[in-house]
Ligand code: ADP
Ligand code: MG
């Protein structure tokens with residue numbers, strides 16, 4: 001589903017991704033961990049067409065979304081093709097970015113109706129199913145301000161799922177939550193993983209990584225320092241940088 005081969009990305013003179021190679025097979029969950037500034041969000045943003053890669057190859061669902069051979073020009077998808085592919089990728093951010101003036105249900109039906117031209121009645125039925133799936137069947141008419149952070153994040157997940165994504169990207173989805181609300185969001189993500197969704201999850205929740213992820217990649221300074229089976233990497237990290245990081249978050 002996702003194949004990165006020697007992907008690099010700089011902002012000015014700051015090289016943020018240095019030859020990142022990672023693959024995520026269909027139905028697999030990759031947890032991406034690492035200190036702040038290591039390039040995790042930038043990598044997700046490249047996958048989601050919010051940034052372009054400077055070098056290397058990045059393929060999503062078989063489509064080459066950007067690459068540059070040595071000395072060659074950058075090859076990119078046409079904007080229309082990029083926009084089409086973005087619709088197949090759901091993204092959930094640290095800050096629940098729900099539309100504040102819309103109810104939970106309205107948040108969920110907005111993109112299917114506006115972008116996919118879905119039938120409104122059908123979109124509402126589907127939104128109610130998704131709200132039930134994230135445990136919020138009774139919150140359809142609630143505005144974000146009246147929901148807890150955990151509830152808002154579950155609505156954000158339902159909203160992303162309403163577009164029937166092939167791939168879900170999570171960028172520290174529980175980092176802004178009060179500790180007692182983290183579990184309800186991770187439970188929804190775990191259930192989603194078990195349903196076969198392909199997911200890349202940037203998180204510091206090592207329990208989730210150990211239990212749910214098929215692979216874990218530790219990034220530091222724009223490189224993948226080590227990756228592999230999460231249980232193995234967490235139990236027996238091979239690199240000092242990984243050990244130092246894990247000793248802080250475990
Ligand atoms: P992480 O998510 O691992 O904390 P980021 O990908 O957000 O790391 O950031 C990696 C580096 O890239 C940081 O040094 C950050 O300041 C820089 N960076 C990220 N986005 C931009 C941008 N749009 N312009 C300039 N620098 C950026
Ligand atoms: Mg980040």
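The values are calculated or read from the model by the stated rules, or taken from the named source; none is laboratory data. Quantities reported herein were computed from a predicted structural model and do not represent experimental measurements. Methodologically, a virtual Cβ is constructed for each residue, glycine included, from the backbone with ideal geometry; neighbour enumeration extends over all protein chains shown.
Since residue 17 meets every condition but one in (1) farther than 25 Å from residue 195 by Cβ; (2) more than 16 Å from ligand 2 (Cβ to nearest atom); (3) modelled with pLDDT of 95 or more; (4) in a strand (DSSP E or B), which condition does it not meet?
Here residue 17 meets the rest and fails (2).
Just to be sure I understand the filter: pairs with C-beta atoms under 6 Å, separated by 6 or more residues or on different chains, first member in the stretch 78-90 and assigned to a helix (DSSP H, G or I), second member modelled with pLDDT of 85 or more. Which pairs pass?
Close Cβ pairs satisfying both conditions: 82/49; 86/49.
I'd like the residue in the stretch 54-68 that is touching a helix residue (DSSP H, G or I) at 6+ places or on another chain (Cβ under 9 Å) and either without any contact (Cβ under 8 Å) to a residue 40 or more places away in the chain or assigned to a strand (DSSP E or B) (or both) and, out of all such residues, is farthest from ligand 2 (Cβ to nearest atom).
Only one residue tops the list, namely 63.
May I ask you to list pairs of residues, at least six apart or on different chains, whose Cβ atoms are under 8 Å apart, with the first in the stretch 98-121 being in contact (Cβ under 8 Å) with a residue 60 or more places away in the chain and the second being in a helix (DSSP H, G or I)?
Final answer for the pair search is 98/104; 98/107; 98/144; 98/152; 98/155; 98/156; 98/159.
Would you call residue 36 closer than 26 Å to residue 243 by Cα and surrounded by fewer than 16 Cβ atoms within 10 Å (Cβ to Cβ)?
yes
May I ask you to list pairs of residues, at least six apart or on different chains, whose Cβ atoms are under 6 Å apart, with the first in the stretch 235-250 being free of Cβ contacts under 8 Å to residues at least 12 places away in the same chain and on the phi < 0 side of the Ramachandran plot and the second being surrounded by 12 or more Cβ atoms within 10 Å (Cβ to Cβ) and outside any loop (DSSP other than H, G, I, E, B)?
Correct list of pairs: empty, since none qualify.
Residue check, residue 184 against (1) in a loop (DSSP other than H, G, I, E, B); (2) in contact (Cβ under 8 Å) with a residue 40 or more places away in the chain; (3) surrounded by fewer than 21 Cβ atoms within 10 Å (Cβ to Cβ), all met but one. Which one?
Condition not satisfied by residue 184: (1).
Considering only the stretch 196-210, state which residues are surrounded by fewer than 21 Cβ atoms within 10 Å (Cβ to Cβ), on the phi < 0 side of the Ramachandran plot and either touching a helix residue (DSSP H, G or I) at 6+ places or on another chain (Cβ under 7 Å) or part of a loop (DSSP other than H, G, I, E, B) (or both).
Residues satisfying the conditions are 197, 204, 206, 210.
Exactly one of these conditions fails for residue 193: (1) assigned to a loop (DSSP other than H, G, I, E, B); (2) more than 18 Å from residue 34 (Cβ to Cβ). Give me its number.
Failing condition for residue 193: (1).
Any residue that is within 16 Å of ligand 2 (Cβ to nearest atom), in a strand (DSSP E or B) and at pLDDT 95 or above - is there at least one of those in the stretch 32-53?
Scanning the stretch 32-53, I find at least one residue that is within 16 Å of ligand 2 (Cβ to nearest atom), in a strand (DSSP E or B) and at pLDDT 95 or above, so the answer is yes.
Of the residues 24, 16, only one is surrounded by 16 or more Cβ atoms within 10 Å (Cβ to Cβ), within 12 Å of ligand 1 (Cβ to nearest atom) and in contact (Cβ under 8 Å) with a residue 12 or more places away in the chain; which?
Step by step, each of 24, 16 is checked, and only 16 is surrounded by 16 or more Cβ atoms within 10 Å (Cβ to Cβ), within 12 Å of ligand 1 (Cβ to nearest atom) and in contact (Cβ under 8 Å) with a residue 12 or more places away in the chain.
With 153, 191 as the choices, which residue is away from ligand 1 (no atom under 16 Å from the Cβ), surrounded by 22 or more Cβ atoms within 10 Å (Cβ to Cβ) and either over 21 Å from residue 249 (Cα atoms) or more than 15 Å from the chain's Cα centre (by Cα) (or both)?
The conditions single out 153.
Is it fair to say residue 3 is within 13 Å of ligand 2 (Cβ to nearest atom), without any contact (Cβ under 8 Å) to a residue 60 or more places away in the chain and more than 24 Å from residue 240 (Cα to Cα)?
Criteria not met by residue 3.
Have a look at 160, 118 and point out the one that is more than 16 Å from ligand 1 (Cβ to nearest atom) and either farther than 23 Å from residue 31 by Cα or in a strand (DSSP E or B) (or both).
118
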